[in-house]
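Presented below is the structure to which this report refers.
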Amino acid sequence: MIITGVGICMALITVIGVFSARRVQGDSANYLVAGRSLPAALVATLLISQAVDSNATLGNADLTSGFGFWAGAALPIGLALCLLLMGLFFARRIRASEAVTLPEFFEQRFGRGVQLASSVLTVGSFAILLAGNLVAIGFLFEFFSGLSYTTGIVVTIPIVLLYTLSGGMFAGLSTGLAQFALNTVGVLALVIWMATTHGFDIPAGLGPGDLEQLTSTEHGAAINWATIIALGLGNLVAIDLMQRIFSARSPNDARRAALSAAAGILVFCLPLSFVALAAVTVVGDRAAEGPILYVLLGHHAPTWLAVLVLSGLLAASLTTIGGILLATSSVVVRNVLRVDADATVMTPRVLRATRVTMLPIAVAATVVALRVPQTGILLTLTFDLLLASLIAPFVLGTFWRRGDARAAGAAIVVGIAVRLVCFVLTPTIYGTENTLLYVSNDFLSASIDGWSTFLAAGASLLAYLTVAALRPAPEPAGPSAPPSTTPSVPRSPDADLAPAR
């Protein structure tokens, strides 16, 4: 009964996404950034939908029930911190740049080489994020339908491709609004049901008042803080986040959307941490049967509530997966392959190439999902890699004229090298076994888990500052700049907010 209800919801979401294709009208600007026409409220809704997908929600619940409140709450807190920083310092500048993808924003400041490097890093890291959402859906099918984990993942990909290939960003908007409504009702109903039937009994040592989770390495403090920082800073250069910022109809709309979404994420997600804590006692020994939220809904909640909550989570994951496929394929086509890069207008070839490129990206994410059946861990790892490589060039390149492509390149190479070495030589990933890529050694132990996030980010920052200090300061801008040869849509009145070149 539960899987039937969820299946009906999945079908409706697919129909809504496919129906939105008529709004594309063959224009790749409509397809990629919704014609830059979305008001702040709609952009905020899309930003919130990224944080309540099943990857983040199941990760929040599983980490909370296994390691304590702050281990799970670190996910929404980190995502909310990111959007707060985005709204305060970056959103208006990013939207005013008139870029279509994040690497184009890097090209405006550092040139083609950094654009290409950022393209490779963002596409690779977001294949991991996409995998995390596939993991959650695979577990859902396995737990509620009897299908294998692998089959659940394989079934999901064609469905998401169907409406994303058709509607692009408008499909993401349509499905995002649907899942926002579902999740609003579902989360509220789940919290009320838990409060009125079981209460919120919190196991000893796992509650929000047990601050050892934030102060003692033995209780996971390093990993919890690393999660908050990785999401809070690393997510600033998330290409699906940027896609939504670029879709805002003005720089001020982009700023308001980010600030509103920061508050919305906390309102939506933190109550789920308390539900997960209470669920530890409710499910008892059954906690080992699967993700704790699935066990709670499948064995203890009424069917109508399970269908409502799971449908909302599934819709959120489909929206996130579609957004990732769109953002990554856009980067590959526009910034790596440079299809029709010299055209004065966006061409149908760009539209077709973007759709075709989604297929291999989906396959790569499927491989990762089958290798690492984790949810919140993959979410954090995605932004951990971006924090180690792109945050220093992004932040310093936006607000500091000192530093050129060499400084950015040094930050990227040093940061990602340190992070990958630590990753390969550390037996755990954020407290779980490293089954993705671990080389047995006597140099690094699990004790460095969490600290390696700060080590790599610090190395990247130091590399940028060192090279920038050794390079001569840029000449002051002249009275006028030569006309740009890069095709773009007309610049907005706030174009002076773009980063200095």
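The values are calculated or read from the model by the stated rules, or taken from the named source; none is laboratory data. Quick caveat, the model's predicted, so the values are computed rather than measured. Every residue, glycine as well, gets a Cβ built from its backbone with ideal geometry; the counts of neighbours run over all protein chains shown.
Every residue in the stretch 363-397 that is part of a helix (DSSP H, G or I) and touching a Pro at 6+ places or on another chain (Cβ under 9 Å), please. Gly397 - this is the single residue of the stretch 363-397 that is part of a helix (DSSP H, G or I) and touching a Pro at 6+ places or on another chain (Cβ under 9 Å). Given the structure, is Thr380 crowded, with 16+ Cβ neighbours inside 10 Å, of a type in the set (Ser, Thr, Tyr), in contact with a Leu (Cβ under 7 Å, 6 or more places away or on another chain) and without any contact (Cβ under 8 Å) to a residue 40 or more places away in the chain? So Thr380 fails the test.
Of all residues in the stretch 72-86, exactly one satisfies the criterion of being surrounded by fewer than 22 Cβ atoms within 10 Å (Cβ to Cβ) and either at pLDDT below 90 or closer than 15 Å to Thr398 by Cβ (or both), namely Leu85.
Could we say that Leu231 is assigned to a helix (DSSP H, G or I), touching a residue at least 40 places away in the same chain (Cβ under 8 Å), buried (at least 24 other Cβ atoms within 10 Å of the Cβ) and touching a Ser or Thr at 6+ places or on another chain (Cβ under 7 Å) here?
Criteria met by Leu231.
Scanning the stretch 398-446 for residues that are surrounded by fewer than 16 Cβ atoms within 10 Å (Cβ to Cβ), acidic (Asp, Glu) and in a loop (DSSP other than H, G, I, E, B) yields a count of 1.
When Asp201, Asp210 are screened for being in contact with a Gly (Cβ under 8 Å, 6 or more places away or on another chain), at pLDDT below 90 and over 12 Å from Gly450 (Cβ atoms), only Asp210 passes.
Pairs are defined by a Cβ separation below 6 Å, a sequence spacing of at least 6 or placement on different chains, a first member in the stretch 327-348 that is buried (at least 22 other Cβ atoms within 10 Å of the Cβ) and among the hydroxyl-bearing types (Ser, Thr, Tyr), and a second member that is in a helix (DSSP H, G or I) and modelled with pLDDT under 80; the pairs so defined are Ser329/Thr354; Ser330/Leu32; Ser330/Thr354.
Quick check, is Leu206 touching a residue at least 40 places away in the same chain (Cβ under 8 Å), part of a helix (DSSP H, G or I) and either buried (at least 16 other Cβ atoms within 10 Å of the Cβ) or aromatic (Phe, Trp, Tyr) (or both)? Considered against the rule, which asks whether it is touching a residue at least 40 places away in the same chain (Cβ under 8 Å), part of a helix (DSSP H, G or I) and either buried (at least 16 other Cβ atoms within 10 Å of the Cβ) or aromatic (Phe, Trp, Tyr) (or both), Leu206 comes out as no. Pull up the stretch 447-480, narrow it to residues that are crowded, with 17+ Cβ neighbours inside 10 Å and β-branched (Val, Ile, Thr), then point me to the one that is modelled with the highest pLDDT. The residue in question is Val467. Within the stretch 431-446, residues that are on the phi > 0 side of the Ramachandran plot sit with their Cβ atoms under 8 Å from residues that are surrounded by 16 or more Cβ atoms within 10 Å (Cβ to Cβ) and assigned to a loop (DSSP other than H, G, I, E, B), at 6+ positions apart or across chains, in these pairs: Gly431/Gly220; Gly431/Asp449.
For Ala392, state whether it is under 18 Å from Ala56 (Cα atoms), of a type in the set (Gly, Ala, Ser), in contact (Cβ under 8 Å) with a residue 12 or more places away in the chain and in contact with a helix residue (DSSP H, G or I) (Cβ under 8 Å, 6 or more places away or on another chain). Criteria not met by Ala392. Every condition in (1) closer than 16 Å to Leu259 by Cβ; (2) modelled with pLDDT of 85 or more is met by Phe106 except one, and the failing one is (1). Across the stretch 237-249, the number of residues qualifying as of a type in the set (A, V, I, L, M, F, W, C) and either modelled with pLDDT of 90 or more or not in a helix (DSSP H, G or I) (or both) comes to 2.
With respect to Ala392, is the statement that it is within 22 Å of Leu455 (Cβ to Cβ), among the aliphatic types (A, V, I, L, M) and surrounded by 24 or more Cβ atoms within 10 Å (Cβ to Cβ) true?
Numbers: within 22 Å of Leu455 (Cβ to Cβ): yes; among the aliphatic types (A, V, I, L, M): yes; surrounded by 24 or more Cβ atoms within 10 Å (Cβ to Cβ): yes.
Yes: the conditions hold for Ala392.
Regarding Gly66, is this residue under 30 Å from Ala287 (Cβ atoms), surrounded by fewer than 21 Cβ atoms within 10 Å (Cβ to Cβ) and at pLDDT 70 or above? Against the criterion (under 30 Å from Ala287 (Cβ atoms), surrounded by fewer than 21 Cβ atoms within 10 Å (Cβ to Cβ) and at pLDDT 70 or above), Gly66 qualifies.
Tell me whether the stretch 250-271 contains one or more residues that are part of a loop (DSSP other than H, G, I, E, B) and surrounded by fewer than 24 Cβ atoms within 10 Å (Cβ to Cβ). Scanning the stretch 250-271 turns up at least one residue that is part of a loop (DSSP other than H, G, I, E, B) and surrounded by fewer than 24 Cβ atoms within 10 Å (Cβ to Cβ).
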